[in-house]
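To keep things clear, I will list the structure first and then write my remarks on it.
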Amino acid sequence: MKKYTKSHEWIEATEGIATVGISEHAQEQLGDIVYVDLPGEGDTLKKGDTLCSIESVKSANDVYTPVSGEVVEINNSLEDRPETINESAEGEGWICKIKLSDESEVDGLMSLEEYKKMVESEG
Amino acid sequence: MADLKRTPLYNEHVRCGGKLVEFHGWELPVQYANGIIKEAKAVREDMGVFDVSHMGEIFLRGRDALKAAECLVTNNVSKLKYGEICYSPMCYEDGGIVDDLLVYKKTSEEILMVVNASNVEKDFNWIKQNTESFDVEVLNKSDQYAQLAVQGPNVEEKLQEYSGVRLDQIPFYSFKEGPFNGIDCLISRTGYTGEDGFEFYTSTEAVIPLWRKLIEIGAKPAGLGARDLLRFEACYMLYGNEITNETTPLEAGLKWTVDFTMDFIGKTALEQQEEKGLERRLKAFEVTEKGGIPRTGNKIFNGDQEIGFVTTGNKSTTLNKIVALGYVPSKGYKLGKEVEIEIRENKRLKAKVVKKPFYVGSVNPDKHSKKKWKQ
């Protein structure tokens, strides 16, 4: 089941590996994405670190990692087709997979319902 | 978004899925439902329409209207015939730029200056203050005019049958007044995209049916985001970015708009700058390595030495290249010269000097030249 952050990332964890991306709402706000500065495989990150930068025709936006761990796989197809995030932010537009160093960090994140409420209240 | 001004087309923008943002005191669509890239592509390949009703319209009226205009702007307005337009910077005494604008010669006693939305008040005060000795009335009629820019290679062909004036007889940088689909307009062959096209000035009431008609004919609504991307690809100046009160027309590469045979405000400063030689110049760059996109204000380096700054940077979606405009020293930065742009702390990308403009669209001053049309 997907979990969400206040800074509009999503993660889906299975067997200690979390797939990370930005939410459908975030992609809509960004507009046309033209460049993704992907993280490096093997990068070790702490929860809240900058994971990568996503650039739309309007602006550059940092993406933060919702969990701590090691980057074990990267969605390299985003290099040539960054617009995949616009087309499928919470599917084919995933950014990377992180091997969790502390699985309990996932529990602290929001459910889809909680996230939707937060987005609505941000209006 | 309280206190923001809205154009008469506000409800149309909402209906078209416009994402509204604040822009210099106006609430305007940065994009519509399809997004900036598709909007820009529609303009490059077919026809798009922009609501530019926020632009300012300042009139000079009276016996000295032409003389007053001549003294205000750097370009040679005295050469204009009735129905002709010129692009020009308007300078301070020190050569810095007050604004860049279009000057329309309606009659020898009526000149229309179309100025940037962000500068209307400043320009109006500047113009009034500097024309006191002339027999001229300065009128800010910005609130009475709405303006649409219809841009793209197919505009003339697609709009002709609805126009009461022959669009093919409006040369580049000229205008005619007449009905379009029964609506009284001033139609000029001008724009800010690098594509051929027309700008329509009409009343705030008439602009709603005009907008609807243009969309019915096939113009795709395009927002501020596409407008900025398109003007950037064509290397047109944006006030506040490439040109400001701290840059001169010479530094910005606008020497072609400065006529030293005329007497205008700022002439002495510009002559001195010309004589001394320019210290810096606006250049175009292409980023040659991956890692991000330069943005306004990013520093430009040659080795360890900071040499300038980026005025605008983006991905050109037409060319699929990451490019930037920026000021660097005028000497030593010829085509092909390598520099580095610092896109964030500790991250610099290699770039090289390339030719301006990045992209040449369907705008064709020769094909639609005033001279050819008169023969």
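State which residue is farthest from the chain's Cα centre (by Cα) when the search covers only region B:271-298 and only residues that are more than 14 Å from chain A (Cβ to nearest Cβ) and among the acidic types (Asp, Glu). So the residue we want is B:Glu275. Within region B:308-345, the set of residues being more than 24 Å from A:Ile33 (Cβ to Cβ) and part of a loop (DSSP other than H, G, I, E, B) comprises B:Ser330, B:Lys331, B:Gly332, B:Tyr333, B:Lys334, B:Leu335, B:Gly336, B:Lys337.
Results for (1) without any contact (Cβ under 8 Å) to a residue 12 or more places away in the chain; (2) surrounded by fewer than 18 Cβ atoms within 10 Å (Cβ to Cβ); (3) among the hydroxyl-bearing types (Ser, Thr, Tyr), shown as yes or no for each residue.
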residue	(1), (2), (3)
B:Leu80	no, no, no
B:Cys91	no, no, no
B:Leu102	no, no, no
B:Lys122	no, yes, no
B:Lys128	yes, yes, no
B:Asn140	no, no, no
B:Asp143	no, yes, no
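If you go through region B:225-249 and keep only what is crowded, with 22+ Cβ neighbours inside 10 Å, more than 14 Å from chain A (Cβ to nearest Cβ) and not hydroxyl-bearing (Ser, Thr, Tyr), you end up with B:Met237, B:Glu242, B:Ile243, B:Pro249.
Considered as a group, the residues in region B:147-190 that are polar (S, T, N, Q) and part of a strand (DSSP E or B) include one that is farthest from B:Trp211 (Cα to Cα), and that residue is B:Ser174. Against the conditions (1) surrounded by fewer than 21 Cβ atoms within 10 Å (Cβ to Cβ); (2) modelled with pLDDT of 95 or more; (3) among the acidic types (Asp, Glu), A:Glu28 satisfies every one except (2).
Results for (1) over 30 Å from A:Glu87 (Cα atoms); (2) among the aliphatic types (A, V, I, L, M); (3) assigned to a strand (DSSP E or B), shown as yes or no for each residue.
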site: B:Glu12; (1), (2), (3): no, no, no
site: B:Lys38; (1), (2), (3): no, no, no
site: B:Tyr82; (1), (2), (3): yes, no, no
site: B:Asp99; (1), (2), (3): yes, no, yes
site: B:Tyr104; (1), (2), (3): yes, no, yes
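Would you confirm whether or not region B:30-42 contains a residue that is among the charged types (D, E, K, R) and crowded, with 22+ Cβ neighbours inside 10 Å? Yes: one or more hits. Hey, can you tell me all the residues within region B:106-120 that are assigned to a strand (DSSP E or B) and either aromatic (Phe, Trp, Tyr) or surrounded by fewer than 21 Cβ atoms within 10 Å (Cβ to Cβ) (or both)? The answer is B:Lys106, B:Thr107, B:Glu110.
Would you point out the residue of region B:21-36, among those that are away from every other protein chain (no Cβ under 13 Å) and either in contact with a Pro (Cβ under 9 Å, 6 or more places away or on another chain) or in a loop (DSSP other than H, G, I, E, B) (or both), that is nearest to B:Asp228 (Cα to Cα)?
B:His24
The residue list B:Phe264, B:Phe301 contains one member that is away from chain A (no Cβ under 14 Å) and in contact with an Asp or Glu (Cβ under 6 Å, 6 or more places away or on another chain), which is B:Phe301.
Counting just the residues of region A:37-66 that are small (Gly, Ala, Ser) and under 14 Å from the mean Cα position of the chain (by Cα), which one comes out farthest from the other protein chains (Cβ to nearest Cβ)?
Looking at the filtered set, the residue picked out is A:Gly48.
Among all positions in region B:351-367, there is at least one residue which is at pLDDT 95 or above, part of a strand (DSSP E or B), more than 13 Å from every other protein chain (Cβ to nearest Cβ) and more than 17 Å from B:Phe232 (Cβ to Cβ).
Rundown of residues vs (1) touching a Phe, Trp or Tyr at 6+ places or on another chain (Cβ under 9 Å); (2) farther than 26 Å from A:Val57 by Cβ; (3) surrounded by fewer than 15 Cβ atoms within 10 Å (Cβ to Cβ), yes/no style:
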site	(1), (2), (3)
B:Asn320	no, no, yes
B:Tyr327	yes, no, no
B:Ser330	no, yes, no
B:Gly336	no, yes, yes
B:Val339	yes, no, no
B:Ile343	no, no, no
B:Arg348	yes, no, no
B:Lys355	no, no, yes
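Within region B:61-80, the set of residues being part of a helix (DSSP H, G or I) and either closer than 16 Å to B:Ser174 by Cβ or not hydroxyl-bearing (Ser, Thr, Tyr) (or both) comprises B:Ala65, B:Leu66, B:Lys67, B:Ala68, B:Ala69, B:Glu70, B:Cys71, B:Leu72, B:Val77, B:Lys79.
Considering only residues in region B:37-65 that are closer than 20 Å to B:Phe198 by Cα and of a type in the set (Gly, Ala, Ser), the one that is farthest from the other protein chains (Cβ to nearest Cβ) turns out to be B:Gly56.
The values are calculated or read from the model by the stated rules, or taken from the named source; none is laboratory data. Small disclaimer: the values here were computed from a predicted structure and weren't measured. Please note: Cβ atoms are built from the backbone with ideal geometry, for glycine as well, and neighbour counts cover all protein chains shown.
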